Amino acid sequence: MAAAASPAAVHALIVSDVPGDDPAVIASGPTVADPTTRQVALAILDRYKIEVPFAVRAYLKTADSETPKPGDPRLARSRITVIARPADALRAAASAAKAAGVTPVVLGDTIEGESREVARAFAGMALSAARDGMPANGPCVLISGGETTVTVTGKGKGGRDREFALALSIALAGRFGIAAIACDTDGIDGSADAAGALVMPDTLARASAKGLDARTALANNDAAGFFEALGDQVKTGPTRTNVNDFRAIYIPGTV
């Protein structure tokens with residue numbers, strides 16, 4: 001885009017939804033230099049056995065498909081300003097927590113990994129805070145962003161934030177009155193109409209009363225069905241912006 005506009009000046013205002021806020025990755029970096037190559041793209045297709053139309057692969061094999069690289073004179077008058085980023089959401093949440101008399105513990109905006117594994121790790125931190133006051137005495141809230149992933153093996157519906165919430169509810173098992181929220185800031189977790197889900201101290205008890213088994217739901221990647229049945233999905237509608245995932249785990253006190 002910037003190369004096509006050259007020699008005009010281009011100033012892009014961008015909203016980051018990627019860990020690390022790399023301008024070359026945000027929205028595929030249409031106005032900045034791309035350090036990767038078409039050979040890298042082809043290698044990724046081969047490595048992960050991704051099927052693409054013949055025309056796509058054929059195009060990537062031509063020099064015309066190469067993107068502008070650092071130092072390209074056509075980008076000399078191109079600049080960017082990041083107007084919103086994941087860290088901004090975490091800072092805002094931390095400020096709100098302080099105003100409510102709750103100690104915020106910001107764990108960062110670059111958290112990645114399998115949703116259920118990240119949930120188990122965060123549950124350990126929350127339980128540590130509740131039992132031992134580490135990393136903070138309650139009332140406190142563990143705040144994080146980033147972009148987790150889900151390896152789908154079941155036939156259920158959900159998204160990375162609701163899968164995180166479901167795995168977290170299992171790991172916490174209702175102990176110490178800990179509650180949490182996990183949502184995608186664009187209002188859509190995966191491809192569904194929910195932004196995420198709430199975890200309450202009585203989540204598993206209410207599920208059991210309805211004949212729902214959290215571990216079965218997790219094994220089937222059916223966090224959406226689980227939280228929908230409980231009425232604990234968060235539905236905001238599209239927010240018209242996206243600064244990645246947002247998670248907050250509230251620990252009411254330290255025993």
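The values are calculated or read from the model by the stated rules, or taken from the named source; none is laboratory data. Note that this is a predicted model, so its numbers are computed, not measured. Note: ideal-geometry Cβ built from the backbone for every residue, glycine included; neighbour counts use all protein chains shown.
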Check region 31-49 and report whether any residue there is farther than 30 Å from Pro252 by Cβ, β-branched (Val, Ile, Thr) and in contact with a strand residue (DSSP E or B) (Cβ under 9 Å, 6 or more places away or on another chain).
-> yes
So which residues in region 118-154 are over 26 Å from Thr216 (Cβ atoms) and assigned to a loop (DSSP other than H, G, I, E, B)?
-> Gly133, Met134, Pro135, Ala136, Asn137, Gly138, Pro139
Of all residues in region 155-201, which are of a type outside the set (Asp, Glu), crowded, with 24+ Cβ neighbours inside 10 Å and not in a helix (DSSP H, G or I)?
-> Gly158, Gly159, Ile178, Ala180, Ala182, Cys183, Ala194, Ala195, Gly196, Ala197, Val199
Being in a strand (DSSP E or B), in the same structural domain as Leu142 (by TED's automatic domain parsing) and either more than 30 Å from Thr254 (Cβ to Cβ) or not polar (S, T, N, Q) (or both), is that true of even one residue in region 94-104?
-> yes
Among the residues of region 46-90, write down those that are under 23 Å from the mean Cα position of the chain (by Cα), within 24 Å of His11 (Cα to Cα) and assigned to a loop (DSSP other than H, G, I, E, B).
-> Arg85
Going through region 24-45 one residue at a time, which ones are touching a residue at least 12 places away in the same chain (Cβ under 8 Å) and assigned to a helix (DSSP H, G or I)?
-> Ile26, Ala27, Arg38, Ala41, Leu42, Leu45
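Going residue by residue through region 228-235, is there one that turns out to be among the small types (Gly, Ala, Ser), assigned to a loop (DSSP other than H, G, I, E, B) and loosely packed, with under 15 Cβ neighbours inside 10 Å? Walk me through it before giving the result.
If we filter region 228-235 for residues that are among the small types (Gly, Ala, Ser), which is where we start, we get 229, 231.
Remaining after also requiring assigned to a loop (DSSP other than H, G, I, E, B): 231.
In the following step, the residues that additionally are loosely packed, with under 15 Cβ neighbours inside 10 Å were identified as 231.
Among the residues of region 228-235, at least one is among the small types (Gly, Ala, Ser), assigned to a loop (DSSP other than H, G, I, E, B) and loosely packed, with under 15 Cβ neighbours inside 10 Å, which makes the answer yes.
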Could you pull out the residue among Val15, Val105 that is over 18 Å from Glu147 (Cα atoms), touching a strand residue (DSSP E or B) at 6+ places or on another chain (Cβ under 6 Å) and surrounded by 14 or more Cβ atoms within 10 Å (Cβ to Cβ)?
-> Val105
Checking Ala84, Ala27, Ala58 in turn, the sole residue that is more than 28 Å from Asp184 (Cα to Cα) and among the aliphatic types (A, V, I, L, M) turns out to be Ala58
Consider Gly190 against the criteria (1) in contact with a strand residue (DSSP E or B) (Cβ under 9 Å, 6 or more places away or on another chain); (2) at pLDDT 95 or above: it satisfies all of them except one. Which criterion is unmet?
-> (2)
Is it the case that Pro68 is surrounded by 18 or more Cβ atoms within 10 Å (Cβ to Cβ) and either at pLDDT below 95 or not hydrophobic (A, V, I, L, M, F, W, C) (or both)?
-> yes
